[in-house]
1. All but one of (1) closer than 18 Å to residue 24 by Cβ; (2) among the aliphatic types (A, V, I, L, M); (3) without any contact (Cβ under 8 Å) to a residue 24 or more places away in the chain hold for residue 63; state the number of the condition that does not hold.
2. Name the residues in segment 146-157 that are within 16 Å of residue 12 (Cβ to Cβ) and either modelled with pLDDT of 95 or more or part of a loop (DSSP other than H, G, I, E, B) (or both), would you?
3. Taking segment 93-145 as the search range and keeping residues that are of a type in the set (Val, Ile, Thr) and free of Cβ contacts under 8 Å to residues at least 40 places away in the same chain, which one is farthest from residue 10 (Cα to Cα)?
4. If you check residue 170 against the conditions, is it within 18 Å of the chain's Cα centre (by Cα), of a type in the set (A, V, I, L, M) and modelled with pLDDT under 95?
Amino acid sequence: MEARKEIFISVDIETSGPIPGEYSMLSIGACLVDAPETTFECTLKPLNRNADPEALAVTGFSLEELEQRGTEPLQAMDQFDNWIKVACGMEGVPVFVALNAPFDWSFINYYFHRFRGNNPFGFTALDIKAYYMGVAGVSWKDTRSSAMASHLRPVHKGNHNALKDALYQAELFLLAQRLNNQTKVR
């Protein structure tokens, strides 16, 4: 049996609160780590009116505006699934990559299962914070994106726009991979 090629997909989301189901996913941004010009972006209609005011302040979204202009969740997840399939091709297996992957993956997993019945990423996610901790040999507190950025020196910056943050995360992951490769050479 031939091994399938892993396709690393950087995913970032913005939400109306801390947990899926009770709160809504408001936007999805994604890009291929190895080809960051290949992107996906979507804003979603909220599931309900539940919102943490701090979460909305960070995202800059209005639930009322998203109710009018956002994509229906089923349609959004169909579009994201189709993008993943095209991005991975027949031989590729998608690997979910995120900065604080447990949070972002929990919403993506919930929405894929609720609206499509399955998650193309499966039951796993690669957390950039944990990867960086292992590669750089730092403590957990030193895995904040600002600490990583001061060490890795990415060009991009995060700003709570899901697509821009996905691009930033992809760059951080690539830089952490390079750091890992440098430490292997020594």
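The values are calculated or read from the model by the stated rules, or taken from the named source; none is laboratory data. All values reported here derive from a predicted model rather than from experimental measurement. A quick note on method: Cβ atoms are made from the backbone with ideal geometry, for glycine too, and the neighbour counts reach across all protein chains shown.
1. Of the numbered conditions (1) closer than 18 Å to residue 24 by Cβ; (2) among the aliphatic types (A, V, I, L, M); (3) without any contact (Cβ under 8 Å) to a residue 24 or more places away in the chain, the odd one out for residue 63 is (3).
2. 154, 156, 157
3. In this case the residue turns out to be 138.
4. Against the criterion (within 18 Å of the chain's Cα centre (by Cα), of a type in the set (A, V, I, L, M) and modelled with pLDDT under 95), residue 170 does not qualify.
So that you can scan it fast, the table gives a plain yes or no per residue for (1) small (Gly, Ala, Ser); (2) farther than 30 Å from residue 131 by Cβ; (3) surrounded by fewer than 17 Cβ atoms within 10 Å (Cβ to Cβ); (4) touching a helix residue (DSSP H, G or I) at 6+ places or on another chain (Cβ under 9 Å):
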site	(1), (2), (3), (4)
22	no, no, yes, no
30	yes, no, no, yes
45	no, yes, no, yes
65	no, yes, yes, no
69	no, yes, yes, no
76	yes, no, no, yes
86	no, no, yes, no
97	no, no, no, yes
